[in-house]
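What follows is one structure encoded as structure tokens, with my remarks underneath.
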């Protein structure tokens, strides 16, 4: 293996921390790496031998934006081997089995999947289920899992893995029957404070559903498109996005948000 493309989604910085750890480990092994946000408008680096998809699990299934990204990849990706890394505060349910099926439909092969724990970024759960907050995660121990996962991949011949669907997973069925935008319904009647906003662009550049748009000097949120990832609340450096149902103390200012924001500078 000489070339790898990492396609990532992160709205709090946690998954971006995994991107950095994976990149460093590939480079240590002498592998050329290209990384790209799936929300980027730049041309995709699809020529690599191996793809790595790094994304959050949300609503007990692969994040909607990552699912749609993979579904829309061109036919030229057929035959590629894939690794999957997810970082989430809760359960990943049947995500490996779902990803295996999705990738198979595109002619790609899932050769490994890893879950690491991160602080919960969904502010509803941060308020009502304190145990999921996991302050400081993904910490060094969790990121070491990523490094070991990648190091092993560099040292062995990657082969398709068997990930079996678990029909008894309650969390899978919760995600299966919940609409993609169900978590977003909690945040209706959100408020954008124009006086506070600096138009830095972080919220709409990271919005995975395209719900937030910039119209002149104003920002607008289409609540029907919102999937409830809480990225706009969590990533805003001045708390210009507010929701009457939750105080700012429940917003998650990710440990790695600053690193994530740096990648958006000038883009």
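Somewhere in region 77-84, is a residue at pLDDT 95 or above, assigned by TED's automatic domain parsing to the domain that holds residue 39 and within 26 Å of residue 173 (Cβ to Cβ)?
Yes, the conditions are met somewhere in region 77-84.
Give the number of residues within region 26-68 that are part of a helix (DSSP H, G or I) and either surrounded by 21 or more Cβ atoms within 10 Å (Cβ to Cβ) or not assigned by TED's automatic domain parsing to the domain that holds residue 124 (or both).
3
Please verify whether region 100-112 includes one or more residues that are under 15 Å from the mean Cα position of the chain (by Cα), assigned by TED's automatic domain parsing to the domain that holds residue 170, closer than 15 Å to residue 55 by Cα and touching a residue at least 12 places away in the same chain (Cβ under 8 Å).
Looking for residues that are under 15 Å from the mean Cα position of the chain (by Cα), assigned by TED's automatic domain parsing to the domain that holds residue 170, closer than 15 Å to residue 55 by Cα and touching a residue at least 12 places away in the same chain (Cβ under 8 Å), one finds none in region 100-112, hence no.
Would you say residue 157 is over 22 Å from residue 59 (Cβ atoms), assigned by TED's automatic domain parsing to the domain that holds residue 54 and part of a loop (DSSP other than H, G, I, E, B)?
When the stated conditions are applied, residue 157 passes them.
Among 265, 194, 225, 258, which is in a helix (DSSP H, G or I), outside the structural domain of residue 59 (by TED's automatic domain parsing) and either at pLDDT below 90 or over 16 Å from the mean Cα position of the chain (by Cα) (or both)? Please lay out each step first, then the result.
Values: 265 fails: in a helix (DSSP H, G or I); 194 fails: in a helix (DSSP H, G or I); 225 fails: in a helix (DSSP H, G or I).
Among 265, 194, 225, 258, only 258 is in a helix (DSSP H, G or I), outside the structural domain of residue 59 (by TED's automatic domain parsing) and either at pLDDT below 90 or over 16 Å from the mean Cα position of the chain (by Cα) (or both).
Among (1) under 19 Å from residue 22 (Cα atoms); (2) in a helix (DSSP H, G or I); (3) touching a helix residue (DSSP H, G or I) at 6+ places or on another chain (Cβ under 9 Å), where does residue 127 come up short?
(1)
The values are calculated or read from the model by the stated rules, or taken from the named source; none is laboratory data. Keep in mind that this is a model prediction, so the values were computed, not measured. A quick note on method: Cβ atoms are made from the backbone with ideal geometry, for glycine too, and the neighbour counts reach across all protein chains shown.
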